[in-house]
């Protein structure tokens, strides 16, 4: 057995996503502890490149189908070959099932990290299988389950997961001083006196970009000036949803005020020039982008889904609006866009809250405490 713990992190895919960034923070902390790290991603992507740049070995076992039990056998073989001490899965349903089965076959502890409540199949037969596997693996094949919010924990317990295995560990983000980069304003030709509203996330209906565009059109009709930055890629529809959003902006007459920026690596700089984050999602776990925005001193307008109300405290660190309610979104945006003092007050409270309760260091400490509880160090140092 290796002198240092060796951890296998199965992830959802090779894209740069909020869940993968959370996993990256844990990987970096593990590497700093001198531990060995492996990652399994069913697909290639920029995130895999980031991992390899840090010296992490990336495997590509298929974990996209829960019926593919051969992948569980192959992962168990990999665990034994690499002398892995712990499996910490950050993949959704199929990946978590395969990881749990693999850990059980290989005889090592398994932790499932639930970033949100997975949507089960609409097919009743498949859904019954999924419920059965969730029930069985949570009791027989995993040692602990981490939920990113109390809402996610409660929802999963309702679905039949073992309530005795749960820990709640909120996501954490880096806390840096707000950095101003005026070059981006110049690059996008944004006047200094025009407020900037930003939305960050993958382009898809569940993130509510179309609602933001509708609200922006209403605000324009009311005479409220603003520039809107839409940051993220259309990973699910290969550009079709992006085209839909661009057509909508054109039809609404707001295309000159909206910038579709795609994937960006300068998120801290974009947040620094922004005045307000808007995230009108239909479903969420605990969005990392909200924590990043709050750390940068931005107030947040969001919907009360997932763990968002555990971070966005209504009327204190931001405003919460009902899901799909464009008029409520307009009213909330108008309130903050017309009141810089209120924006600053909410932004400062949010920044203090993140520094105290949602730092990367706090998240990693809590996760590593769970590693000890599931017997990682005992297993690792036993010859």
Taking the Cα atoms only, what angle lies between the long axis of helix 209-221 and the longest principal axis of the chain, rounded to 10 degrees?
-> 10
Would you look at the GNM of the chain, springs on alpha carbons closer than 10 Å, and say which of 372, 187, 292 moves the most?
-> 187
Of 318-328, 337-347, ordering from highest average Cβ density within 10 Å down gives 318-328, 337-347
To the nearest 10 degrees, the tilt of helix 360-373 (Cα long axis) against the first principal axis of the alpha carbons of the chain is 20
The distance between the Cα centres of segment 1-63 and segment 86-149, in whole Å, is 19
Length released on extending from residue 128 to residue 238, taking residue separation times 0.36 nm less the Cα-Cα span | 36.5 nm
Top mean-square fluctuation among 274, 124, 359, Gaussian network model of the chain, C-alpha springs under 10 Å?
-> 124
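What is the extension gain from residue 83 to residue 247, computed as 0.36 nm multiplied by their sequence separation minus the C-alpha to C-alpha distance, in nm to one decimal? Numbers along the way, then the final one.
Values: separation 164, 0.36 × 164 = 59.04 nm, distance 5.26 nm.
Stretched fully, the residue 83-residue 247 segment lengthens by 53.8 nm.
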Could you rank the peptides 244-253, 206-215 by their average count of other C-beta atoms within 10 Å per residue, with the highest value first?
-> 206-215, 244-253
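Need one word for segment 298-346: rounded, prolate or oblate. Basis is the Cα gyration tensor (sqrt eigenvalues a ≥ b ≥ c); a/c below 1.5 gives rounded, then a/b vs b/c decides. Can you show the working numbers first?
Details: a/c = 3.15, a/b = 1.20, b/c = 2.62.
The shape class here is oblate.
Relative contact order for segment 182-357: what is it in percent, counting Cα pairs under 8 Å that are at least 6 residues apart?
Working: 304 pairs, mean separation 39.6, N = 176.
Relative contact order, segment 182-357: 23 percent.
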At a Förster radius of 41 Å, what calculated FRET efficiency corresponds to the Cβ-Cβ distance of residue 256 and residue 352, to the nearest 0.05?
-> 0.65
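If each residue of separation counts as 0.36 nm, what is the full-extension length gain between residue 222 and residue 362 once their alpha-carbon separation is subtracted? Show your work: numbers first, answer last.
Working: separation 140, 0.36 × 140 = 50.40 nm, distance 4.35 nm.
Answer, rounded to one decimal: 46.0 nm.
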Label residue 52 and residue 206 with points 7 Å out from Cα along Cα→Cβ: what is the distance between them in nm?
-> 2.9
If r is the Cβ-Cβ distance from residue 369 to residue 154 and R0 is 25 Å, what FRET efficiency results, to the nearest 0.05?
-> 0.70
Starting from the Cα gyration tensor of segment 175-314, take the square roots of the eigenvalues, sort them a ≥ b ≥ c, and report rounded, prolate or oblate (rounded when a/c is under 1.5, otherwise prolate if a/b is larger than b/c, else oblate).
-> rounded
Which residue, 198, 190, 27, has the most motion in a Gaussian network model of the chain that connects Cα atoms within less than 10 Å?
-> 190
To the nearest 10 degrees, how steep is helix 18-32 against the longest Cα principal axis of the chain, on a 0 to 90 scale?
-> 50
With -39,500 (n - 2.57) per DSSP H segment of 4 or more residues and division by the full residue count of the chain, the 222 nm estimate, nearest 500 deg cm²/dmol, is -14000 deg cm²/dmol
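Over the Cα atoms of the chain, compute the convex hull volume and normalise it per residue, giving Å³.
On the way: hull volume 51.5 nm³, N = 383.
It is 135 Å³ per residue.
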Taking the Cα-to-Cβ direction at residue 187 and at residue 341 and moving 7 Å from each Cα, how far apart do the two end points lie in nm?
-> 3.5
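Sorting check: for 32-39, 15-22, 107-114, which peptide has the highest mean count of neighbouring beta carbons within 10 Å, and how do the rest follow? Please report the intermediate quantities before stating the final value.
Details: 32-39: 16.9, 15-22: 21.8, 107-114: 23.8.
Ranked by mean Cβ neighbours within 10 Å, highest first: 107-114, 15-22, 32-39.
Bear in mind that the values in this text are calculations on the coordinates, not laboratory data. It should be emphasised that the depicted structure is a prediction, and the values quoted were computed from it without experimental measurement. Here Cβ is always computed from backbone atoms with ideal geometry, including for glycine, and neighbour counts include all displayed protein chains.
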